[in-house]
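Each value in this text was obtained by applying a stated rule to the coordinates, not by laboratory testing. Everything quoted here is computed from the prediction, not taken from an experiment. Heads up, the Cβs are rebuilt from the backbone with ideal geometry, glycines too, and the neighbour counts pull from every protein chain shown.
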Amino acid sequence: MTVIDMHIHLKYRSSCSNLSMYDLYCNLSVSFNAVCITDHWKLAPLKYNPYQDLKIFYGAEISCKLGDILAYGIKYILPKKKNYDAENVIEFIHKQGGIAVCAHPYTNRHEGFGDYVYEYEFEGIEINGSLDEKYHRLAEKAANSMDIPTLGGSDAHSIRQLNTFGTKFEKPINSIKDIVDAVKNKECKAIKI
Ligand SMILES: [Zn+2]
Ligand SMILES: [Zn+2]
């Protein structure tokens, strides 16, 4: 079993974040085995990870007209633009063998797909730790009805936003490919930390 926070923004990489790598390292709950950094429009890994005992994976958060999409298992990122169509972003991710996860589909504080989530080929739906229970329930309902797994992430931009939700993978995860495969095989789910 592996537990990962699948949605974290780091300082200097996402302009909206105050969370440094040091803060993350010092404050991450022991419940987590790894983290996945998902900065906006940015995929490149940190040049140097001084915290060798913390496993770090990388995805990206991409915006489109309807809301935000989390991409995992991709090599290339689209240039930053405001008005991508959802199907184009999802196709871009799929063509690279990656998975598209609908970030915070129901939300009062982000751009979210709302009921449009049902119309797209997502591999998973996020339970976003920055939101209230009622939004989690709607996201879960969509995941159940679409027969795709939920993924949990804190969407942390600061220390106090850490350690809310994570994703529990049934098998050990050692690479981003393992994450992609596990989600495709529906071998994961969001858990409260
Ligand atoms: Zn977002
Ligand atoms: Zn985010």
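Please tell me which of these pairs span more than 27 angstrom C-alpha to C-alpha: K95/K189; K11/K55; K55/K81; K47/K189; K55/K82?
Checking Cα-Cα distances, K55/K81; K47/K189; K55/K82 exceed 27 Å.
Assigning unit charges at the beta carbon (Lys, Arg +1; Asp, Glu -1) and nothing else, what dipole magnitude in debye, to the nearest 20, does the chain show about its Cα centre?
Dipole magnitude for the chain comes out near 520 debye.
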- Determine, for S20, S154, the number of other Cβ atoms within 10 Å of each Cβ, and report the residues in order from fewest to most. S20, S154
- Message: For a quick check: sort S158, S175 by the number of other beta carbons within 10 angstrom, fewest at the front.
- Response: S175, S158
- Item | Per-residue Cβ neighbour rank within 10 angstrom, fewest leading, D147, D181 | D147, D181
